[in-house]
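First comes the structure, then the notes that go with it.
The values are calculated or read from the model by the stated rules, or taken from the named source; none is laboratory data. Treat the numbers as computed from the prediction; the structure is a model and nothing was measured. Because the Cβ atoms are built from the backbone with ideal geometry, glycine has one as well, and the counts that use them run over all protein chains shown. Calculation scope for accessible area: heavy atoms of the full protein, side chains included, ligands and nucleic acids excluded. Shrake-Rupley method; radii C 1.70, N 1.55, O 1.52, S 1.80 Å.
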Amino acid sequence: MLFLSGKQVSHFYTPHCMGIQQIFFLITLIIVGSAAVRSYGRVFRNIRLGRDEVIDGNEGARWKNVLLVAFGQKKMFTRIVPAFLHLFIYLAFLITQIELIEIVVDGVFGTHRIFAPFLGTFYTLIISVIEMLSVLALVATLAFLWRRNVKPVGRFVKPEMTGWPSIDANIILLAEIVLIGAIFSMNSADAVLQGLDSDYYPSTGKFAISGLFGPALMENWDKNVLVLIERAGWWVHILVVFGFILYLPISKHLHILFAFPNTYFARLEPAGQMTNMPEVMQEVKSMLGLGEGQTETNYDELPEFGAKDVFDLSWKNILDAYTCTECGRCTAECPANLTGKKLSPRKIMMDVRDRAEEVGRNLDSGSSKFIHVDHQTNGRLSPKNYDDGKSLFDRISAEELHACTTCNACVEACPVLINPLDIILQMRRYEILTKSAGPQDWVPMFTSLENSGSVWQISTERDAWTQDVNT
Amino acid sequence: MKPVESIAEMSGRGDKPEILFWVGCAGSFDPRAQKVTRAFCELLQKAGISFAILGKEEQCTGDPARRAGNEFVFQMLALQNIQTLNAYSIEKIVTTCPHCFNILKNEYPQLGGNYEVIHHTQLLKSLLEEGKIKVAESKSDRGKVTYHDSCYLGRANQVYEAPRDVLNHLTTQLVEMERNRAKGLCCGAGGGQMFKEDEPGDKRINIERTEEALRTGANSIVVNCPFCLTMMTDGVKAKDKQENIMVYDLSEMILKSMIE
C-alpha cells in the first residue's frame, strides 16, 4: 500500500512523507476500534441485563417510525426553533459521513482526497454542501450553548441536570466547534496548496466557503505552514471523530446511534394500553375457578412482581434509557413536574441508565462481594447471582412514582419514542404487589374494589340513578 | 329520562340491545356524573337507540387499581366483568368515561374480552351526523366554549376531533386552550390520583389547567370524562369563578341545544 507514497522526502510535514502518518493512523484506528468494541460491548451487555421481551411483527410500521421519527425528525418539529437548529447539526453530521469515509481511506492508504478525481464536480458539490451545513451547524451550536449557559431554557436547569449532565452537553457542543474549525482549516489550506503542488493535491474545484476564504486569507503563506494547517485540520477532524466514537457510550449523545433501533423497537399499541401480567392473570383465573385445567402453582419462594431493579425491566426500557439525550421535553410537559412535584420523567430515564451502568461496573469488577449470599458457593459473579444490596428504589423515590397521573404527556413528548411511563408503572407494581406498600390513601380504594366492586364504598345500589325518572 | 332497562331485564324478555352502555363507578355514584349519565341516556332514548346497562352486575373495570399497581385487584374485577359480558354475548359497548373506554377497548382483549368499544363522544358525533339527534340552528347564543382533552381519550387513544366536531355543530365560538390535543394538559386525576392526596408541590394540577381554561375567556369548559368534570369543577370553585364559567360534559351541551 505504501507504493502510493513513493515520492518520499525527508521533511516531516511535507505531504510526500506519508509513511509515518500512515503508520500512526493505522495504530490509532486499531486502538480506537478495539476500545470501541469493548465499550459498546459493555453497553449492549448492560441493556441485556433487562429481562427478555420479544418485540417483533408489523415491520412496516416499525420502519415507518425509523424513517419518520429517527431519520425524518418528525417529533422534533413540535418546537420549531430547536427543531431547525437541531436539523442543521443533524444534516451536517449525516452528510459529513461521506467525507469521513474518504478521510479513513486516505488515512489507511496514505492517499490524499482519493474521491476527488473520481467524483469530479460531484465532489465539489458534496464538500460545498458539507461546508454550508457546517456553517449552519456552527450557528446552531452557538445557539445551543447560549440556550444552555447564557439564557438557559427552563428544562435545562432542573435539579437532575446539575453536574455531569450539563458538562456532558457542553463538551459535545465544544467538540462540534473544534470539528467545524478543523474542516474549514483543512479545506482552506488545501485550496491554496492545490495551486502550489497540483501533483499531490488533486484539483477539487472551488468549495462554497473555503474556496473563497482559503485563497483570500492564505494566498501568500509559506507552503510549509499551509501543509501544517492542512494536516492539523485533517488530524484534528479525525481525532475528534474517534474521540466522539469512544465518548458516546458514556454520554447522553448516544442518541445519535440509538435513536434508530429505539424507534424501530418502540411499542405500536395504543399509548393507553398497559402491559398484561399473564402470571397474575393465571393465578386469579384459578382463584375464580376459571382455570383452563391447570394445577395450583406451588412457589418455593414468594414470587416478585413488577420491577425493583434493572434486571426486572425489559431490555427495551434500558435501551430507552441509553437512548435518552436528556432534552427534558418529557419533563417540560409532565403535569406533576409543572406543578412542582418531585417527579421528572427525564430523571427516571437517567436513573435507569445510571443504575445499569453501576451494575455493569460492579459486574466488570468480578468481585465476589456482589454475589448474592445464597449463591456465594457457586462460582463467578454474573447477572444471575448479582446482589449489591441496592436497587432502582435507591434512586427513584416512592414520592416520584406516586406523583404520576399516567397521562402519557412524557411519552407523547419524546422525539425518539422513549416510554418513561412504562417504567413508572412497573415500579408501582413492585411497590404494591411485592412490597405491599404504596400510598395509604389507596388502601380504602383497593378494599372497596375488592368488597363491593366499585371505587368508593357507597351504600346505595349501582343502578340507583335509574330511579330518578321524570315521566 | 325514560326508564332505563338492565341487560338482565332485556334478556329476560328475549330481547337484545344494539349497544351496552357501560356506566362506570363515577357515572353510577358521583352525583354530578350521574347527571351526565342521565343526560346521555336521554340522548340515546331521543335518538331511538336500543340500549341496556349491566346495572347491579357491573363492577369497576379495574382501571384505578391497575394503574396504582394492583394487578390482582384489576384481574379480579376484569375477569368477572368479562364473564358477565360474555354471558350476555355483548358485542358493542359505549362508555361515558374514557378510562373505562380505554381499558375495555385495549386491555380486556388479552383477558378474553373482545368487544367493539366506543366512547360516547364518538357515538354522539355519528348520531348528530346521521340526523338522529337534531340541534337548534342558532349557534350564536351559546357563548364561548373551550374543550378539555382527557388523557385517555386523547393521547391514549388519539381521539381528538370527534368531540370538537360535535361542538362545532353547537357553537361558532369553540376556542382552544394553549395546550390542546396531543399537548393537552392532564386534569390531575388519572393514574389513581383521584383517590389520593397530591404529592408535595407548588400547585394542584387542576388549578393549573383551570387557569389555562379561564384565560380563553370561555363561558363553558366542555369535558368528556367524569374525573375531568370533578377536577375542573373544583378548579373553577377554587378560583371562585362559578359565576363566569361552567363545566359540562359534551352530552349535556348537546341536550341543552336539542330540538324536541
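So here's what we get for this one:
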item	result
Accessible area of A:Leu67 in the full protein assembly, 1.4 Å probe (Å², nearest 10)	110
Value of [θ]222 nm, deg cm²/dmol, for chain B, DSSP H segments ≥ 4, -39500 (n - 2.57) each, nearest 500	-12000 deg cm²/dmol
Average Cα contact separation per residue, segment B:7-124, under 8 Å, 6 or more apart, as relative contact order %	28
Residue list for segment A:162-194, given a label point 7 angstrom along the Cα-to-Cβ vector of A:Leu145 and an amide N cut-off under 20 Å	A:163-186
For q = 0.15, 0.16, 0.17, 0.21 Å⁻¹, Debye-computed log10 I/I(0) when each Cα of segment B:67-145 counts as one equal scatterer	-0.66, -0.71, -0.76, -0.98
Most mobile of B:Leu127, B:Leu111, B:Leu214 in a GNM of chain B (Cα contacts under 10 Å)	B:Leu111
Distance between modelled label sites at B:Gln83 and B:Glu129, nm, 7 Å Cα→Cβ extension	4.0
Segment A:174-266: relative contact order as a whole-number percent, Cα under 8 Å and 6+ apart	38
Dimensionless Rg ratio for segment B:135-257, taking C-alpha atoms and the 2.2 N^0.38 Å reference	1.02
Whole-Hz ³J(HN,Hα) from phi, Karplus 6.51 cos²θ - 1.76 cosθ + 1.60, for segment A:148-165, glycine and proline x	9, 10, 8, 10, x, 5, x, 5, 8, 10, 5, x, 6, 8, 6, x, 3, x
Per residue Cα convex hull volume in Å³ - calculated over segment A:90-245	120
Inter-site label distance for A:Trp164 and A:Leu212 at 7 Å from Cα along Cβ, in nm	4.5
Partner chain coverage, peptide B:179-188 - average Cβ within 10 angstrom	5
Three principal axis lengths of segment B:7-124 [C-alpha, angstrom, descending]	41, 33, 24
Mean separation of Cα contacts under 8 Å (6+ apart) over length of chain A, as relative contact order %	18
Two-site FRET efficiency, A:Asp197 against A:Trp221, from Cβ-Cβ distance with R₀ of 22 Å, rounded to 0.05	0.95
Among B:Glu199, B:Glu137, B:Glu116: highest mean-square fluctuation, GNM of chain B, C-alpha pairs under 10 Å	B:Glu199
Sites A:Glu461 and A:Leu288, calculated FRET efficiency, Cβ-Cβ separation with R0 25 Å, nearest 0.05	0.60
18 Å cut-off, amide nitrogen to a point 7 angstrom out along A:Ala61 Cα→Cβ, residues in segment A:325-347	none
Inter-centroid distance (Cα atoms) of segment A:200-216 relative to segment B:35-69, Å	74
HN-Hα J in Hz across segment B:64-77 - Karplus 6.51, -1.76, 1.60, θ = phi - 60°, x for Gly and Pro	x, 5, 4, 6, 6, x, 8, 5, 5, 5, 4, 4, 4, 5
Rounded FRET efficiency, nearest 0.05, which uses the C-beta distance separating B:Ala238 from A:Glu450 and R0 of 35 Å	0.60
Inter-probe distance in nm under a simple model that places probes 7 Å from Cα toward Cβ, at B:Ser11 and A:Asp387	5.1
Sparse-neighbourhood loop sites, trypsin sites (Lys or Arg not before Pro) in segment B:11-114 - DSSP loop, at most 14 other Cβ within 10 angstrom	B:Arg13
Cα-based convex hull, chain A, per residue volume (Å³, whole number)	237
Cβ-placed point charges (K, R +1; D, E -1), dipole of segment B:1-133 about Cα centre in debye, nearest 20	320
Whole-Å distance, taken between Cα centres, linking segment A:375-426 and segment B:114-163	38
Three principal axis lengths of segment B:184-253 [C-alpha, angstrom, descending]	32, 25, 20
Neighbouring partner chain Cβ atoms per residue of B:116-123, average, 10 Å criterion	0
Average silhouette area of chain B, convex hull of alpha-carbon atoms, in square nanometres	13.9
Protein heavy-atom accessible area occluded, A/B pair - total, 1.4 Å probe, Å²	5900
For segment A:227-252 versus segment B:205-235, the gap between their alpha-carbon centres in whole angstrom	54
Rounded to whole Å, sorted largest first: equivalent-ellipsoid semi-axes of segment A:82-164, Cα gyration tensor	35, 15, 8
